Amino acid sequence: MKRIAQFNRIFIIQSLEEGLTGKRLYDDLNTLTICKDHPVRVELHDVITKLELLSLLDSIPQRMNSENLSPILHFEVHGSVKHDGIILSSADLVSWAELKTPLIAINIASQFNLIVCFAACHGAWFIKALTPNDRSPCWAMIGPAQAIDESSLLADFTEMYTCILNGKTGDEAIKVLNRSLPAMQAQYFFTTAETFFCQIWDAYMKKQCTPEANLNRANDMISELRINKKIPRTPLPDPKEVMKSFEYVIRPMVKAESMKIFFMTDLFPKNIERFSLDKKKFNRTTD
């Protein structure tokens, strides 16, 4: 986790009607960086509506390229109690699906180094919007999985950022978020792209690759062959044989292609080694 310290800008994106914890976090961190002439700078961006937020996010990749920025995105917003996105001060809901698109663009601009922090309840539910066909929206995400009061969120994240701005490792910084809790009761989760992919693939297998779904696919393929068969006497394959081809041929090919897209190895070939894509942990799911 030492990579967490490789950034030179913290974008605090605030959309709150009261409390303004983003402003308070900005004041604390800005004072720290200015007093120490720190190479990291902090920016505060107040947004009210969904349009403002998405416009801000869309503008970041160009700034990264022109200003040589490597940012952390820190969201000071409310999380939806339905776990389906974030709520802005205008009461606009920005779904996780809407949020992932600009984040993917920022992660590409960062060459797969983006870290996203959600100081919002239920922020860890962001993964629910991802599919195996998506590019990863970040290298890592930090956020709470359940409701946490705003004063605790502010104190915890202030201490985390202070820790890394003072030269501590990423591991040490994350530990301060859960300093008062046993490991199995952690309120905050540090989730990397590797973990994202394993969980996404698990969910895909459970929902889309059940025996019934595979049998339906096999029968559809056989029906298509029957319609398009040029040699009427050629015997059609048995559904069970087609299902075996899913397991031993087609599914591994689909998984390999999904990993290439998700980890952007087509854009950044070094990611093949960086994420150790051939390690056993990527085969722990049901293939």
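The values are calculated or read from the model by the stated rules, or taken from the named source; none is laboratory data. Computed from a predicted model, the values in this text were never measured in an experiment. Cβ placement follows ideal geometry from the backbone for every residue including glycine, while neighbour counts extend to all protein chains displayed.
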_Single match in 164, 142 (criterion: farther than 19 Å from residue 202 by Cβ and assigned to a strand (DSSP E or B))_ = 142
*Do we have any residue at all in the stretch 99-106 that's free of Cβ contacts under 8 Å to residues at least 40 places away in the same chain and of a type in the set (S, T, N, Q)?*
yes
*Could you tell me which of the residues 8, 30 is at pLDDT below 95, out of contact with any helix residue (DSSP H, G or I) (no Cβ under 6 Å at 6 or more places or on another chain), over 15 Å from residue 119 (Cβ atoms) and surrounded by fewer than 16 Cβ atoms within 10 Å (Cβ to Cβ)?*
8
*asked:* For the structure I just gave you, tell me whether residue 259 is under 25 Å from residue 110 (Cα atoms) and either in contact with a Lys or Arg (Cβ under 7 Å, 6 or more places away or on another chain) or modelled with pLDDT under 70 (or both).
replied: no
*Filter the stretch 266-287 for residues that are charged (D, E, K, R), in a loop (DSSP other than H, G, I, E, B) and modelled with pLDDT under 85 and give the result.*
278, 279, 284, 287
_Among the residues of the stretch 188-202, are any small (Gly, Ala, Ser), at pLDDT 75 or above and more than 16 Å from the chain's Cα centre (by Cα)?_
no
*Would you say residue 140 is hydrophobic (A, V, I, L, M, F, W, C) and buried (at least 20 other Cβ atoms within 10 Å of the Cβ)?*
yes
*asked:* I'd like the full set of residues that are farther than 21 Å from residue 49 by Cα and surrounded by fewer than 23 Cβ atoms within 10 Å (Cβ to Cβ), limited to the stretch 63-79.
replied: 63, 64, 65, 66, 67, 68, 69, 70
*Could you tell me which numbered condition residue 153 fails, if it satisfies all but one of (1) surrounded by 18 or more Cβ atoms within 10 Å (Cβ to Cβ); (2) in contact with a Phe, Trp or Tyr (Cβ under 7 Å, 6 or more places away or on another chain)?*
(2)
*Can you tell me which residue within the stretch 57-102, out of those that are charged (D, E, K, R) and closer than 20 Å to residue 143 by Cα, is farthest from the chain's Cα centre (by Cα)?*
82
*Residue that is modelled with the lowest pLDDT [pool: residues in the stretch 76-96 that are of a type in the set (Gly, Ala, Ser) and out of contact with any Leu (no Cβ under 9 Å at 6 or more places or on another chain)]*: 79
*at pLDDT below 95, assigned to a loop (DSSP other than H, G, I, E, B) and touching a helix residue (DSSP H, G or I) at 6+ places or on another chain (Cβ under 6 Å) - does that describe any residue in the stretch 146-153?*
no
